[in-house]
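A short reminder: the numbers here are calculations on the coordinates, not readings from a lab. Treat the numbers as computed from the prediction; the structure is a model and nothing was measured. Every residue, glycine among them, receives a Cβ derived from its backbone with ideal geometry; neighbour counts consider all protein chains shown.
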Amino acid sequence: MDTDQLYKGTTTVGMVCDGGVVLASERRATMGHFIASKTARKIYPIDERMAMTTAGLVGDAQTLVRVLAVENRLYRLRRNEAMSVRAASTLLANILNGNRYFPYYVQLLTGGVDRTGPVVYSIDAAGGLLDEKELVSTGSGSPIAYGVLESQFRPKMAPDEAVELAVKAIHGAMKRDAASGEGIEAVKITQSGGYEDVRQDAIQKIRSRLS
């Protein structure tokens, strides 16, 4: 099947901030030049303090989300604790590396807070795993998002400041990347607050200042 006929296209962002991580994405899925969905979900909770973002083919990404969520639940049942973010990321990398002849067409980010502190990892379709110390963006709009992130990121930003920067980066990508668009979703994950969806009215307030 021609991959242009499969749901794909995105921009995602991950950042390490003071005491936590922020993940964000837009919500458009495309089939070639056709906008197939305006409400595609691209950030998925894996545990109370861990989530992943998806870019690439939607079906492949959703399969990997289900696999990781199940493996995390089994790990918690056996050990009475969640997987570390690194362990979860390594599991995904091993799955992707072992399927190179029938690859998953995805770019993934995993982020959260565990015993080592806040961490974000990026994982490519061949199973390459990188510990992103500060920020990362994936997907077709990532070159544009990086321009915003690199110019305004500061180490140890407060979580709310990181949310604002992430929204700015996604907003910028949506202006120039045809495969990125519609709404923006964002989450904060902190040691004290756990997984928290950023309210849409807060996101819209940030976007209104950019228009």
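Details
- Residue under evaluation residue 63, criteria (1) over 17 Å from residue 124 (Cβ atoms); (2) surrounded by fewer than 20 Cβ atoms within 10 Å (Cβ to Cβ), criterion not met: (1)
- Which listed residue is polar (S, T, N, Q) and within 13 Å of the chain's Cα centre (by Cα), from 137, 180, 192, 211: 137
- Test: residue in segment 198-205 that is assigned to a loop (DSSP other than H, G, I, E, B) and farther than 29 Å from residue 35 by Cβ: no
- Hey, residue 81 free of Cβ contacts under 8 Å to residues at least 24 places away in the same chain, loosely packed, with under 15 Cβ neighbours inside 10 Å and of a type outside the set (S, T, N, Q) or not: yes
- Test: residue in segment 91-104 that is more than 28 Å from residue 150 (Cα to Cα), among the charged types (D, E, K, R) and without any contact (Cβ under 8 Å) to a residue 24 or more places away in the chain: no
- Of the listed requirements (1) in contact with a Leu (Cβ under 9 Å, 6 or more places away or on another chain); (2) small (Gly, Ala, Ser); (3) surrounded by 18 or more Cβ atoms within 10 Å (Cβ to Cβ), residue 40 misses just one: (1).
- Condition check for residue 169: assigned to a helix (DSSP H, G or I) and either surrounded by 23 or more Cβ atoms within 10 Å (Cβ to Cβ) or small (Gly, Ala, Ser) (or both): yes
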